[in-house]
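Single-structure report; data block below.
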Amino acid sequence: MNSDDFMDVLRTCCSREQYDALYRESVEDPQNFWAKVAREFHWEEPWKSNVLAFNFNVDNGKVDVSWFAGGKTNMAWNCIERNIQNGCGEQTAFIWEGNNLGEEGKKTYLELQADVNRLANWLKSAGVKKNDAVIIYLPMIMELPVAMLACARIGAVHSVVFAGFSSEALAQRLLGCKAKVVLTCSAVMRGSKHINLKGVVDEACDFAAAKDHAVDHCLCFINARLNSDNHLTQSRDKHWQNEVDQLPRDCETEWMDAEDPLFMLYTSGSTGSPKGVLHTTGGYMIYAGATCASVFNMRQGDVFWCTADCGWITGHTYLTYGPLLNGATSIVFEGVPNYPDAGRCWNIIDKYKVKTFYTAPTALRALQRYGDDFVKAYKRSSLKILGTVGEPINPEAWQWYFNVVGEGRCPVMDTWWQTETGGHMITPLPLAIEQKPGSATLPFFGVEPVLLNENGVELLDEAEGYLCFKTPWPSMFRTLFADHQRYEESYFSMFKGYYFSGDGAKRDADGYYWITGRVDDVMNVSGHRIGTAEVESALVTHAECVEAAVVGIDHPIKGQSIYAFVTLRESCELTNSTRKALVDCVRAMIGPFAAPDTIQRAPALPKTRSGKIMRRILRKIASREEESLGDTSTLADPTVVDTLVELRDK
Ligand code: PRX
């Protein structure tokens, strides 16, 4: 196949036969396939002869993956200058829709170039160099993707921290990468809530200072829409607009090796503290571009709306990088879907003529509750493709999305992927793969999923097992920041020679994948990934709490809800005020989105004789399914179960 417009071949893959042929090509000769994709982007210097080198097997030495080694490129250049050179300078790159109706803004590719370069120049003047980490703690204003691109321009490694994380969580991330520079904003409104972001940053910097790490510069965007206090009180504080607006609009591009880091993003694991997932430049770039083109049939000038916050991977790959790599117009929405009312999303779709809408099942379930009239009040005639991500979509929500929102004419892309995978892994293609509600369908090009049993044996045909991958894809993460050993232990040790996703899945007779959810101790609450261990550590910071065990249970809107069992000190009672104080510990250590919905007293926890908490049993108790507890003979003290059932409603 001619490689001249290979992205267009992926974009227009329009039959199952074509998908099958391209898929076969991609797994039989991945080097050639991805080289054809990569040639569609700008490389300042070509990669060396080897497109891919890898080792997935811990027994054969270090786990290592490298794509396009030796090639030199730059993400910001490919997102901006490549489009300007193609004549798209005057086209809108970002549309910003504020929290309140009537607040809006636009940036063309040329304007974006100027803003990115000014900020890049500021970063340089603040001493930031190639490979230095920069923390970004911003709400959904255009400065957020601009900040990511400014880092990419000069080869700095951005670490975006979702602006719902607490000061403790922010401090932990700051200390993790020893960032000297933080980019933030004074305050923001989300729905009817006022959030003082700068206050959180100040506290985080103080925490870090107490641990001997000084932040040198905190650049603060002053949100003029809010009457806010004086936020610039520390010597490290700088006024964004005053400092940046006067800087030159040209900035030299730092040409990066394909394997140089682009960003890190913290995510939750089943144990311990959050993990700094590290993505590199070349492979991530081409995969973000290719999946966007193919899964969303994205073309230059398309208006694309991904509702994710840039604080999560979806906002990195499918709000910022992927759309710009395709010359599209991407919407940055500051608000929430039900403010001022539940018609907000459909209003935005009409207002900007959105072609593709990409959101999370939890948002759909929440909106569905308000009734169809909010949807039907708007035309939605521009919509062509719908997408979901973040958690399994239940068939009822899928049907509502497809039939009511999309009026039965827009295919639903149920995209399965992870922070670690960088881009879509199992997903339909709009023109080529027939849908089944609730199934993420088939692997993307170059992706080789396998289902393993507990002994690591590959299961064939119809089966259910651990979802693993046997070969690398370009956008996979290369390591955990400063902890390659944890990378190998968490992802490559359970099944030798495979990347283990942490999810379970079924494959049906047609080869379609149905994700069954996490098989480890990671919860998924409203599409947010939260580790049970993190919530437990937060709970035990309360002086009266000696032990805690947390499980996720089914929730009709949020997908999962957090249920905590707590053991208090002798003579301490679990009063309502203790409950509130415990929830406050979680809000303070992680953020409000991780707050448990239920806290139950547990004089003791069900443990094996070796002291391991049996969460399976706790999950059954919390879900009121104690009839199907299964085998409890391994418990050190089986009477614990009855006590917990008895105390459940007290
Ligand atoms: O359990 C899977 C679920 O979300 C996890 C990844 O979370 P995170 O790294 O935060 O990334 C979310 C956005 C890509 C997965 O291990 N998940 C994600 N997408 C789906 C899903 N579960 C079912 N269906 C999906 N489409």
Pick out, from region 13-98, the helices (runs of 4 or more DSSP H) lying fully within it that include 2 or more residues that are in contact (Cβ under 8 Å) with a residue 40 or more places away in the chain and touching a Ser or Thr at 6+ places or on another chain (Cβ under 8 Å). 30-38, 75-79
Would you check if residue 23 is touching a Cys at 6+ places or on another chain (Cβ under 6 Å) and of a type outside the set (S, T, N, Q)? no
Here the residues within region 205-232 that are of a type in the set (S, T, N, Q) and open to solvent by 90 Å² or more (accessible area, probe 1.4 Å) are 227, 230
Considering every residue within region 498-510, establish whether at least one is of a type in the set (Asp, Glu), modelled with pLDDT of 95 or more, within 11 Å of the ligand (Cβ to nearest atom) and within 28 Å of residue 272 (Cβ to Cβ). yes
Would you please name the residue that is nearest to the ligand (Cβ to nearest atom), looking only at residues in region 383-401 that are at pLDDT 95 or above and polar (S, T, N, Q)? 388
Identify, please: which residue in region 175-196 is surrounded by fewer than 16 Cβ atoms within 10 Å (Cβ to Cβ) and farther than 22 Å from residue 142 by Cβ and is, among those, modelled with the lowest pLDDT? 192
Output the residues belonging to region 32-62 that are farther than 19 Å from residue 499 by Cβ, surrounded by 13 or more Cβ atoms within 10 Å (Cβ to Cβ) and among the polar types (S, T, N, Q). 32
Here are 557, 553: which of them is of a type in the set (A, V, I, L, M, F, W, C), touching a Phe, Trp or Tyr at 6+ places or on another chain (Cβ under 6 Å) and open to solvent by 20 Å² or more (accessible area, probe 1.4 Å)? 553
So which strands (runs of 3 or more DSSP E) stay within region 540-623 end to end and still have 1 or more residues that are on the phi > 0 side of the Ramachandran plot and not aliphatic (A, V, I, L, M)? 559-568
Residue by residue through region 164-207, note down the ones that are within 29 Å of residue 337 (Cβ to Cβ) and basic (Lys, Arg). 173, 190, 193, 198
Would you mind finding the one in 293, 288 that is away from the ligand (no atom under 16 Å from the Cβ), part of a helix (DSSP H, G or I), on the phi < 0 side of the Ramachandran plot and surrounded by 24 or more Cβ atoms within 10 Å (Cβ to Cβ)? 293
Quick check on this structure: which one of 537, 493 is open to solvent by 30 Å² or more (accessible area, probe 1.4 Å), away from the ligand (no atom under 12 Å from the Cβ) and assigned to a helix (DSSP H, G or I)? 537
Given (1) more than 12 Å from the ligand (Cβ to nearest atom); (2) closer than 30 Å to residue 150 by Cβ; (3) not in a helix (DSSP H, G or I), number of the condition residue 323 does not satisfy: (3)
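The values are calculated or read from the model by the stated rules, or taken from the named source; none is laboratory data. This structure is a prediction, so every number in the text was calculated from the model and none was measured. Positions of Cβ are backbone-derived with ideal geometry, glycine not excepted, and every protein chain shown enters the neighbour counts. These area figures cover heavy atoms from the full protein model, side chains too; ligands, DNA and RNA do not enter into them. Shrake-Rupley method; radii C 1.70, N 1.55, O 1.52, S 1.80 Å.
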